[in-house]
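The values are calculated or read from the model by the stated rules, or taken from the named source; none is laboratory data. Not measured: the values here are computed from a predicted model. Using ideal geometry, Cβ is built from the backbone for each residue, glycine included, and neighbour counts are taken over all protein chains shown.
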Amino acid sequence: MDNLDIKILKLLQTDSRMTVSQISSQINLSIPAVSDRLKKLEAGGIIEKYVTIINPACFHKELTAVMFITLERPKFTEKFVEFVQAEDEILECHYLAGDFDYALKIITENTATLEKLLNRIKSAQGVIKTRTIVVLSTVKNQHSIIPHEEEGNEIKIRRNENDHRSAQRD
């Protein structure tokens, strides 16, 4: 992967609907070359997927909270994860080291809907401790990492654990 790939990634982070032609004109590279690079970035797992980010306020989801969860024992993990997967208002779930087992990012309508969700979470089998923090405002909400260009021509990347190919791109 090189700096041209990084430029392509940055453009797509700004607008994932940007056409190959638009990218081509922005980075002064031919359309077939941009198309080939995109295919390699997708096949290599660097571009995981293209998504639409929906403004929660448009659907009356005005309240963001972070909830920390402690489970009684690891045997409850599978059921807890299934519960989390089924809840649409839980946008993120992170397994943690430290005082809590999980951190959840929740976006919901208001304090009443948050209370209902928190009661469901607290009632989930194995949940013994929670701490909830309501977000007053968000100063940064970046949806992906921002790759940086390097002075050398080639940039080393690390593949995810499911990719058994080499750790460098040509």
Looking at the range 42-52, can you tell me whether even one residue there is exposed (fewer than 13 other Cβ atoms within 10 Å of the Cβ), among the small types (Gly, Ala, Ser) and within 26 Å of Asp15 (Cα to Cα)?
yes
Select from the range 70-92 the residues that are part of a strand (DSSP E or B) and either of a type in the set (D, E, K, R) or touching a Lys or Arg at 6+ places or on another chain (Cβ under 8 Å) (or both) and list them in ascending order.
Thr70, Ile90, Leu91, Glu92
Take Thr130 and tell me if it is at pLDDT 95 or above, assigned to a helix (DSSP H, G or I) and among the hydroxyl-bearing types (Ser, Thr, Tyr).
no
Is there any pair with a first residue in the range 37-62 that is in contact (Cβ under 8 Å) with a residue 60 or more places away in the chain and a second that is among the acidic types (Asp, Glu) and exposed (fewer than 15 other Cβ atoms within 10 Å of the Cβ) whose Cβ atoms are under 7 Å apart and which are 6 or more apart or on different chains, and what are they?
Gly45/Asp163
Could you please tell me which pairs satisfy a Cβ distance under 9 Å, a separation of 6+ or placement on different chains, a first residue in the range 66-79 that is assigned by TED's automatic domain parsing to the domain that holds Phe100 and among the basic types (Lys, Arg), and a second residue that is in a loop (DSSP other than H, G, I, E, B) and exposed (fewer than 15 other Cβ atoms within 10 Å of the Cβ)?
Lys79/Gln125
Of (1) at pLDDT 95 or above; (2) of a type in the set (D, E, K, R); (3) under 30 Å from Met18 (Cα atoms), Glu48 satisfies all except one. Which?
(1)
Selection from the range 121-134 of residues closer than 16 Å to Glu89 by Cβ, surrounded by 14 or more Cβ atoms within 10 Å (Cβ to Cβ) and of a type outside the set (A, V, I, L, M) yields Lys122, Thr130, Thr132
